[in-house]
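*Asks:* Can you keep this structure in mind? I'll have questions shortly.
Values in this text are rule-based calculations from the coordinates and carry no lab data. Quick caveat: nothing in here was measured; it's all calculated off a predicted structure. Counting neighbours? That spans all protein chains shown, and the Cβs are built from the backbone with ideal geometry, glycine included.
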Amino acid sequence: MVKYKIADESLAEKGLESLYIAENKMPVTVKVIRERFAKEKPLQGIKIAGCLHVTKETANLARTLKAGGAEVYLCGSNPLSTQDDVTAALVKEDINVFAWHGNTDEEFYWCIRQCLKEKPNILIDDGADMIVTAHKEFPELIEDGTIIACQEETTTGVKRFKAMDKQGILKVPLYPVNDARCKNQFDNELGTGQGVVAAIYGMHVLFAGKNVIIAGYGHCSSGMALRARGLGANVIITEVDPIKALQAKFAGYQVMPIADTLSVADIILTATGCKHVIAPTKGMFDKLKDGVILGNLGHFDIEIPTKEIYEHAKEIKPIRKDVEEITFPNGKKVYLLAKGRLANLVLSEGHPAEVMDMSFGLQSLMSEYIVKNKDSLKPGIINVPTEIDDQVGFLKLQSMGVKIDTLTEEQYNYIHGYEEGT
Ligand SMILES: NC(=O)c1ccc[n+]([C@@H]2O[C@H](COP(=O)([O-])OP(=O)(O)OC[C@H]3O[C@@H](n4cnc5c(N)ncnc54)[C@H](O)[C@@H]3O)[C@@H](O)[C@H]2O)c1
């Protein structure tokens, strides 16, 4: 019997409509892989727990894993990104789900624990909270080999696991799916890139002619900068990495320290994976231009110093769903999107299904790979095999009707050899 705690079961019909819309844009995950999984059942007898943004695309991943024979448990990876119609549809599809929009931090971890109590064999995380909780509170699942291996969906999660691995406390085989080429070069760059539009859309402002500050020039942020520029904004990049800063400069952006941008910034968008990108001081808050829009698209709500902005506020007024007008003691107003949480997921529906098709194609094939190789996996970070990355790439091209060249034997030998030169 399906186990769940969700907001409202009556939203199932609307949720199923959303799943259907996404399904048609996810040929790799939903058609090619799901159809094969349904025949071959490579995940039979396996329990998979996902701590993921519970969106219509994630629901389609869950259905593919289930088609492969897995028993699937889902919880949300961010308190504000869960779509309640989708959770209701998942329950109708007999998928176990513990998630609702707007849960508290305590409820967030309760949902993670419900999934871990089911003794899953594979964990798919987005941000590392579930796998870290497994290490802290369910060590027996790791020690007795119940957890075979884990997968991580986002940059911030991968960073946390690299830190654990360095300290020798990562006790599971961990696949950083985020770092696969089919993931971060598309999901992060195109998805989050387009996410700027989703984030700002409801504010009814033009990008054209605005000073838009993009913090970071990594996968997500470079995509965001490109889209903001495409909409006519004057984009200014802030960075801490000299090479990324140079790339931004040579791509034609202005580059400067964030403190120097605050008095001219109309919109500030962060996606760095760092904390306190705007320093949480009164001096910095005083520099902000009246009316500035502040949005974060990085994983946690600490890039824009949300907590300190609330503490500094004289008045906090919700002006529409998930947007607050904050008046400072000096009378200036700032507009904070999504309480500083992932603005593209909170204010809109997250990445387009077309791009999630590749991320979740990878997550599906990696689940199968883990089961096939379960006897030889060792704790620590292990890269996603190139063959799987390439396979998803080929399937995506195929689904789009795009053909490419194949190396001849002569070409293969040439690029892998050293003897042919001048
Ligand atoms: N919104 C979404 O849907 C979504 C999707 C994917 C990833 N993410 C999250 O977005 C964040 C960024 O991911 P990414 O893949 O782009 O990472 P990335 O490592 O490719 O890029 C981050 C960039 O930020 C720069 N940076 C770090 N600290 C900075 C600071 N204080 N000021 C200015 N720049 C700074 C880094 O030098 C780097 O170039 C992560 O938290 C990731 O988990 C969000």
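*Asks:* Would you list C220, C111 from fewest to most Cβ contacts within 10 Å?
*Replies:* Result, fewest neighbours first: C111, C220.
*Asks:* Less than 15 Å Cβ to Cβ from G209, Lys/Arg counted +1 and Asp/Glu -1: what total charge do the surrounding residues give?
*Replies:* Cβ neighbours under 15 Å give a net charge of +2.
*Asks:* Then there's this: At a Förster radius of 60 Å, what calculated FRET efficiency corresponds to the Cβ-Cβ distance of K249 and Y20, to the nearest 0.05?
*Replies:* That pair, K249 with Y20, gives E of 0.85.
*Asks:* Please give the length that would be gained between K374 and D405 if that part of the chain were fully extended, namely 0.36 nm times their separation in residues minus their C-alpha to C-alpha distance (nm, one decimal).
*Replies:* Length gained, K374 through D405: 7.7 nm.
*Asks:* Identify which of M356, M130, M284 has the largest mean-square fluctuation in a Gaussian network model of the chain, with springs joining Cα atoms closer than 10 Å.
*Replies:* Between M356, M130, M284, it is M284 that shows the largest mean-square fluctuation.
*Asks:* What is the distance, in nm, between label points placed 7 Å from the Cα along the Cα-to-Cβ direction at T386 and at D179?
*Replies:* Here the modelled spin labels are 1.6 nm apart.
*Asks:* List the trypsin sites (Lys or Arg not before Pro) in the range 1-31 that DSSP assigns to loop (not H, G, I, E or B) and whose Cβ has at most 13 other Cβ atoms within 10 Å. Which are they?
*Replies:* Within the range 1-31, no trypsin sites (Lys or Arg not before Pro) qualify (loop, at most 13 other Cβ atoms within 10 Å).
*Asks:* Measure out, as a whole number of angstrom, how far apart the alpha-carbon centroids of the range 118-174 and the range 315-331 sit.
*Replies:* Going from one Cα centre to the other spans 38 Å.
*Asks:* What residues have an amide H closer than 5 Å to that of I213, excluding those fewer than 5 places away on the same chain, when H is modeled at 1.01 Å from N in the peptide plane?
*Replies:* Residues meeting the criterion, in which the H sits 1.01 Å from N, are I236, D266, I267, I268, L269.
*Asks:* Count the net charge of all other residues whose Cβ sits under 13 Å from the Cβ of V277, scoring Lys and Arg as +1 and Asp and Glu as -1.
*Replies:* -3
*Asks:* Okay, moving on. Between A38 and V240, how many nm apart are label points set 7 Å from Cα along the C-beta direction?
*Replies:* Result: 4.8 nm between the two label points.
*Asks:* Using amide H atoms built in the peptide plane, which far-off residues or other-chain residues are under 5 Å from E152 H to H?
*Replies:* When sequence neighbours closer than 5 places are left aside, the close amide H contacts are D125, Y175, V177, N178.
*Asks:* For the range 1-120, what class follows from the C-alpha gyration tensor (a ≥ b ≥ c being the square roots of its eigenvalues): rounded when a/c is under 1.5, otherwise prolate if a/b is larger than b/c, else oblate?
*Replies:* Since a/c reaches 1.5 but b/c is at least a/b, the shape of the range 1-120 is classed as oblate.
*Asks:* Which links in K244/K314; K14/K136; K249/K275; K14/K119; K56/K339 stretch past 27 Å when you go from one Cα to the other?
*Replies:* K244/K314; K14/K136; K14/K119
*Asks:* Follow-up question, since we're still on this one. Spin-label point model (7 Å from Cα, Cβ direction): what's the Y418 to R320 distance in nm?
*Replies:* 6.2
*Asks:* A further question follows. Starting at the first residue of the range 243-252, write each ³J(HN,Hα) from the Karplus equation 6.51 cos²θ - 1.76 cosθ + 1.60 with θ = phi - 60°, in whole Hz, x for Gly and Pro.
*Replies:* Taking θ as phi minus 60°, the curve returns 6, 4, 4, 5, 4, 5, 4, 6, 7, x Hz for the range 243-252.
*Asks:* Lone cysteines in the chain, going by a 4.7 Å Cβ-Cβ cut-off?
*Replies:* C51, C115, C150, C182, C220, C274 - these cysteines have no disulfide-compatible partner (Cβ-Cβ under 4.7 Å) in the chain.
*Asks:* Follow-up. Apply the Karplus curve 6.51 cos²θ - 1.76 cosθ + 1.60, θ = phi - 60°, to the phi angles in the range 124-135 and return the couplings in whole Hz, x for Gly and Pro.
*Replies:* 10, 10, 9, x, 5, 5, 6, 6, 5, 5, 4, 5
*Asks:* For the range 203-311, which GluC sites (Glu not before Pro) are in a loop by DSSP, counting at most 13 other Cβ atoms within 10 Å?
*Replies:* Qualifying residues, ordered by number: none.
*Asks:* So, one more: HN-Hα J couplings of the range 201-212 from phi, Karplus 6.51/-1.76/1.60, θ = phi - 60°, integer Hz, Gly and Pro as x?
*Replies:* 3, x, 7, 6, 10, 7, 6, 4, x, 8, 8, 10
*Asks:* Mind sorting L52, L365 by how few other Cβ atoms lie within 10 Å of their own Cβ, fewest first?
*Replies:* Lowest to highest Cβ neighbour count: L365, L52.
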